[in-house]
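Derivation of every value follows stated rules applied to the coordinates shown; laboratory data play no part. Note that the structure is a prediction, hence the values are computed from the model and not measured. Using ideal geometry, Cβ is built from the backbone for each residue, glycine included, and neighbour counts are taken over all protein chains shown.
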Amino acid sequence: MYSILLSAGWPIWPLLIISIIGLAIAIERAWYLRQIHLFPKDSLERVFGVANAISQQKAVSEAEIGAIGQLSPITPLFTCILREKVAGSPADCALEELQASAQSTWFKLDRYLGALATIATVAPLLGLFGTVVGMIEIFGSQGVGSPQQLAHGISIALYNTAFGLLIAIPALAAWRGLRAMANQRQHECEEFTRQLFKKLYPHSADTK
């Protein structure tokens, strides 16, 4: 492996660095999105139980509402709706607060995915850059008649092209898979949030 890196020349090092970064992002996001518990056991029953109590104008403590926000990364959305209802906010104001809170939640689900997409785009370009460097080496070898320099230039051109594609293809596949997983989580979250909103504000329009 080390001999391959030497044959590929210095342009291979940026590719190696972004490949490590891309692998770390893919592993972290896959673990987070697969292991994340959007709705821990009995959490939905707990949320809707509090919603029922609020709808019936029963006393609900701030500590009880705040505890719901600690159940999972998306339950702060539920807490936002519950607090707005307790405060007596109209549906329009509650929906506005909910949308603001949702932006933070979606950011947690999408975190680093943009960087992974960038790596999938940049890797072939870095490979192409290495190919250009290799071609310069080849043309330079023709002036001095050095077979070793010619072979080195060919190695740089071919290895960097191959490495660029070898990084870009899995990175693109990982990004598409993780993007789909994040979208599925977001859809699940939106559906339960919509149900809770309609329960607390039965006469309002559906959330977008």
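Structure values in brief
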item: Region 87-144 and region 15-61: distance between their alpha carbon centers, rounded to Å; result: 23
item: Which label in (1) 1.58; (2) 0.99; (3) 1.07 gives the computed Cα Rg over 2.2 N^0.38 Å; result: (1)
item: Under 13 Å between alpha carbons - lysine pairs in the chain that sit 8 or more apart or on different chains; result: 4
item: Convex hull of Cα atoms in region 46-167, direction-averaged projection (nm²); result: 11.4
item: For the chain: relative contact order, % (alpha-carbon pairs under 8 angstrom, 6 or more apart); result: 30
item: Potential extension, LEU165-HIS187 segment - 0.36 nm per residue separation minus Cα distance; result: 4.7 nm
item: Spin-label pair SER61/CYS93, simplified geometry with 7 Å Cα→Cβ offset, distance in nm; result: 2.6
item: Positive dipole terminus of region 2-200, leading residue within ILE138, GLY177, ALA117 (C-beta point charges); result: GLY177
